[in-house]
Amino acid sequence: MILVVLENQRGKIHPFSMEAVAAGQKFAEQLDCKLFILCLGEKVDDLKSQAQNFKANKLITAQHTMIDMYSADGYSKVLSDVISELSPKYVLMGHSYMVRDFLPRVSAKLNIPFVSDIISVDFNGGPNFSKQVFNAKLATNIEVNSEQALLSFQSAAFSSDDLKDGGPDEEVQFNVELSSNDIKSQSEPEFQESSSGVDLTAAELIVSIGRGIESEDNLPTMQSLADAMGAEVASSRPVVDMGWLPPYRQVGSSGQVISPKLYFSLGVSGAIQHVVGMKGSKNILAINKDEDAPIFEIADYAVIGDVLEIVPKLTEEINK
Amino acid sequence: MKIAVLTKAIPSYESSIRVDSSGKWIDEAMVNYVVNESDSYALEEALQIKENVGGDSEVVVVTLGSEANTSKVIKDGLAKGADRGIFIKNESTTTDPLSIAKLFADNLKSENFDLIFSGLQSDDMGSGQTGVLVGEMLDMSTATLAIETQVEGDKIKVKRELESGWFQWVSLPFPSSISIQSGINEPRYPSLKGIMGAKRKELNTLEAAPSDQSQSFVNLYIPKNEKVTEKIEGDADTIVAKIMDILKNKLKVI
Ligand SMILES: Cc1cc2nc3c(=O)[nH]c(=O)nc-3n(C[C@H](O)[C@H](O)[C@H](O)COP(=O)(O)OP(=O)(O)OC[C@H]3O[C@@H](n4cnc5c(N)ncnc54)[C@H](O)[C@@H]3O)c2cc1C
Ligand SMILES: Nc1ncnc2c1ncn2[C@@H]1O[C@H](COP(=O)(O)O)[C@@H](O)[C@H]1O
């Protein structure tokens, strides 16, 4: 049996969970086994009503006042209990920030391996799971040497377009047992920090700055190119972490998601957490001095060269 | 306050990464090992907590791996201000998060750390699991993606980064294992005095005996190109002329 665990994101099913359901349906078909979907914890009724459409054998709800707000302690305890009782072969979730936070706990509690951040699945043999390693410069196929496994999928490993509707054959409640001893940590409500920044999503042209500009002193040179093109400046996370640009310029899984007409990157390596924020761009032009940089795998135009040398000349040429 | 910081040696961004003849690992001879990015933020956070809490606080840098790859990592941690080092020597390539976490848990159990800090993700394996696994194995409270911490009596409050600009505060009783997101602070550079003093600090080497791997690499490969990519190479003038042509004539954006 395959168990997909749904995640709530402020009242809605997390988009990664939709992809995990699509994955679950595919797994069930390929491995010829049953599919169970679990609605867990926070806003469980919202999840349940939205999950009514998914074709599955069982829709399970696990609810308790102690997990009405997300808690790593509570969620890991309850999911471990569900897994112990139902013994699914695979437990599937999206590779979200919540999954990073509590699923390893389940893995350690039950001694079941957790293969995280999977980008694709090969059902011939295995199944084998591929993921990126070494800063996305290489990928690997992972083999599980255990009866059961926990799996999390990077966004777009499966597509919610492939979801089969039809609804669950059966609905059941899981009998949750939690005591205050189980919950050590106390979560407070989620909040958003006022983003007094620019809306990068509205820009047609983006010049994206990565750590490859080598020093904060080179920032004005890169900004001149953006000015000459009439482009908005975006950046990778390290550029923000080092304080070279403000957080609202960041693109990626913890920044903004953009799809401009042109995304032009200067010294960005193309880590998956950055790529999820810009892979929808209509055209991708990237300068990087390393010809193996992963950004080139998704670029339309791959410029192999030094930004410090190319950018000033290019700006001059545009300004002519 | 007794704080461990898990610090990993990873191939630098500039290193050329090539699959070796086994097809399952990389050619390490071509690689320059450096400290994993989020781990240096974790170390800085630990050092700042030690400085604020005072008393007989202690920061211990802990690494696991082969002698050749990790020696710089410990030295760097001690030079920045960690009080001592623990080196868990493992010459085999262990890629299974559960086995790695067991090695940490078994070797660190008797130390009874109040806090274990780790990076939220290693840039080579990218499992994003180790800190939480170790925390669970040692019966500690856990949190991930910390971008601010505040020690308050017998608790540590952690501001967690969530997706798309959302955050959450979590308060955790000690002992606690927390994985740190990059950007939480400004990591210091080692001082000359620190570098000199590092040599005299205690380094404890423990031999690791990894258990069977619950998941393992079948092979390593270069990812396939998803798109038809036009390669642009040459001297700077040639490149500039080609980019101009693309911007002007193909994309018509200038
Ligand atoms: C949970 C999580 C969330 C994250 N969220 C985000 C996010 O939202 N956004 C994000 O961007 N990252 C995010 N990251 C970080 C991400 O994993 C990468 O570390 C980051 O994207 C790398 O940024 P970079 O490409 O600028 O730097 P690097 O990876 O250091 O790459 C620099 C590149 O510049 C090239 N270069 C160097 N010098 C030159 C030169 N002179 N000319 C040309 N090229 C040069 C190098 O070859 C290299 O490819 C996140 C990570 C995690 C774990
Ligand atoms: N071999 C290791 N040595 C030291 N720390 C490690 C090691 N492996 C993982 N870690 C720690 O665990 C974090 C997460 O790693 P990972 O689970 O591999 O993504 C890293 O940022 C380190 O802090």
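Looking at this structure, is A:Gly280 within 12 Å of ligand 1 (Cβ to nearest atom) and more than 9 Å from every other protein chain (Cβ to nearest Cβ)? For A:Gly280, the condition - within 12 Å of ligand 1 (Cβ to nearest atom) and more than 9 Å from every other protein chain (Cβ to nearest Cβ) - is not met.
Under the condition of being part of a helix (DSSP H, G or I) and buried (at least 21 other Cβ atoms within 10 Å of the Cβ), the residues counted in the stretch A:83-118 number 12. Selection over the stretch A:201-231 of residues that are among the charged types (D, E, K, R) and within 14 Å of ligand 1 (Cβ to nearest atom) gives a count of 4. Quick one: would you say A:Asn135 is within 7 Å of another protein chain (Cβ to nearest Cβ), farther than 21 Å from B:Lys102 by Cβ and buried (at least 20 other Cβ atoms within 10 Å of the Cβ)? For A:Asn135, the condition - within 7 Å of another protein chain (Cβ to nearest Cβ), farther than 21 Å from B:Lys102 by Cβ and buried (at least 20 other Cβ atoms within 10 Å of the Cβ) - is met.
Of the numbered criteria (1) part of a helix (DSSP H, G or I); (2) within 11 Å of ligand 1 (Cβ to nearest atom); (3) within 26 Å of B:Glu226 (Cα to Cα), the one A:Ala234 fails is (1).
Among the criteria (1) at the interface with another protein chain (Cβ under 10 Å from one of its Cβ atoms); (2) within 27 Å of the chain's Cα centre (by Cα), the one A:Ile209 does not fulfil is (1).
Within the stretch A:283-320, restricting attention to residues that are of a type in the set (Lys, Arg) and more than 9 Å from chain B (Cβ to nearest Cβ), which residue is surrounded by the fewest Cβ atoms within 10 Å (Cβ to Cβ)?
Of everything passing the filter in the stretch A:283-320, A:Lys320 is surrounded by the fewest Cβ atoms within 10 Å (Cβ to Cβ).
A quick yes/no check of all residues on (1) within 10 Å of chain B (Cβ to nearest Cβ); (2) more than 23 Å from the chain's Cα centre (by Cα):
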| position | (1), (2) |
| --- | --- |
| A:Ser215 | no, yes |
| A:Gln223 | no, yes |
| A:Ala228 | yes, yes |
| A:Glu232 | no, yes |
| A:Val240 | yes, no |
| A:Trp244 | no, yes |
| A:Gln250 | yes, no |
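Restricting attention to the stretch B:205-249 and to residues that are touching a Phe, Trp or Tyr at 6+ places or on another chain (Cβ under 9 Å) and exposed (fewer than 13 other Cβ atoms within 10 Å of the Cβ), the residue that is farthest from the other protein chains (Cβ to nearest Cβ) turns out to be B:Thr205. Checked against the criteria, B:Val240 does not count as free of Cβ contacts under 8 Å to residues at least 24 places away in the same chain and part of a loop (DSSP other than H, G, I, E, B). Just for the stretch B:14-39: of the residues that are within 16 Å of ligand 2 (Cβ to nearest atom) and within 20 Å of A:Glu291 (Cα to Cα), which one is nearest to the other protein chains (Cβ to nearest Cβ)? Among those residues, the one meeting the criterion is B:Ile26.
Every test in (1) in contact (Cβ under 8 Å) with a residue 24 or more places away in the chain; (2) more than 15 Å from ligand 2 (Cβ to nearest atom); (3) in a loop (DSSP other than H, G, I, E, B) is passed by B:Ile156 save one, and that test is (3). Has the stretch A:42-54 got any residue that is more than 23 Å from the chain's Cα centre (by Cα), under 20 Å from A:Val172 (Cβ atoms), surrounded by fewer than 24 Cβ atoms within 10 Å (Cβ to Cβ) and among the charged types (D, E, K, R)? The answer is yes, given that some residue of the stretch A:42-54 is more than 23 Å from the chain's Cα centre (by Cα), under 20 Å from A:Val172 (Cβ atoms), surrounded by fewer than 24 Cβ atoms within 10 Å (Cβ to Cβ) and among the charged types (D, E, K, R). Picking from residues in the stretch B:135-147 that are of a type outside the set (Gly, Ala, Ser) and more than 8 Å from chain A (Cβ to nearest Cβ), the one that is farthest from A:Asn111 (Cα to Cα) is B:Ile147.
For the stretch B:133-156, the criterion of being surrounded by fewer than 17 Cβ atoms within 10 Å (Cβ to Cβ), within 21 Å of A:Val240 (Cα to Cα) and within 12 Å of ligand 1 (Cβ to nearest atom) is satisfied by no residue at all. If only residues of the stretch A:184-206 that are within 11 Å of another protein chain (Cβ to nearest Cβ) and touching a Lys or Arg at 6+ places or on another chain (Cβ under 8 Å) are counted, the one that is nearest to B:Asp154 (Cα to Cα) is A:Glu190.
Out of B:Ile10, B:Ile17, I need the residue that is among the β-branched types (Val, Ile, Thr), in a loop (DSSP other than H, G, I, E, B), crowded, with 18+ Cβ neighbours inside 10 Å and within 12 Å of ligand 1 (Cβ to nearest atom). Which one?
On the way: B:Ile10 fails: in a loop (DSSP other than H, G, I, E, B).
Of the residues listed, the single one that is among the β-branched types (Val, Ile, Thr), in a loop (DSSP other than H, G, I, E, B), crowded, with 18+ Cβ neighbours inside 10 Å and within 12 Å of ligand 1 (Cβ to nearest atom) is B:Ile17.
Listed by position, the strands (runs of 3 or more DSSP E) contained in the stretch B:40-137 that have at least 2 residues being near ligand 2 (Cβ under 8 Å from one of its atoms) are B:58-65, B:115-119. Kindly indicate whether any position in the stretch A:184-192 is away from ligand 2 (no atom under 16 Å from the Cβ), hydroxyl-bearing (Ser, Thr, Tyr) and in contact with a Leu (Cβ under 6 Å, 6 or more places away or on another chain). Within the stretch A:184-192, one or more residues are away from ligand 2 (no atom under 16 Å from the Cβ), hydroxyl-bearing (Ser, Thr, Tyr) and in contact with a Leu (Cβ under 6 Å, 6 or more places away or on another chain). For the stretch A:157-179, indicate whether the set of residues that are of a type in the set (A, V, I, L, M), under 30 Å from A:Glu291 (Cα atoms), within 10 Å of another protein chain (Cβ to nearest Cβ) and surrounded by 12 or more Cβ atoms within 10 Å (Cβ to Cβ) is non-empty. No: zero hits.
I'm trying to understand the selection: among the residues of the stretch B:175-204, which are within 14 Å of chain A (Cβ to nearest Cβ), over 19 Å from B:Val35 (Cα atoms) and in a strand (DSSP E or B)?
Hits for the stretch B:175-204 are B:Ser176, B:Ser177.
Of the residues that make up the stretch A:101-119, is at least one out of contact with any helix residue (DSSP H, G or I) (no Cβ under 8 Å at 6 or more places or on another chain) and of a type outside the set (Val, Ile, Thr)? There is no residue in the stretch A:101-119 that is out of contact with any helix residue (DSSP H, G or I) (no Cβ under 8 Å at 6 or more places or on another chain) and of a type outside the set (Val, Ile, Thr).
Computed from the coordinates by the stated procedures, all read-outs in this text should not be read as laboratory data. These numbers were taken from a predicted model, which means no experiment stands behind them. Using ideal geometry, Cβ is built from the backbone for each residue, glycine included, and neighbour counts are taken over all protein chains shown.
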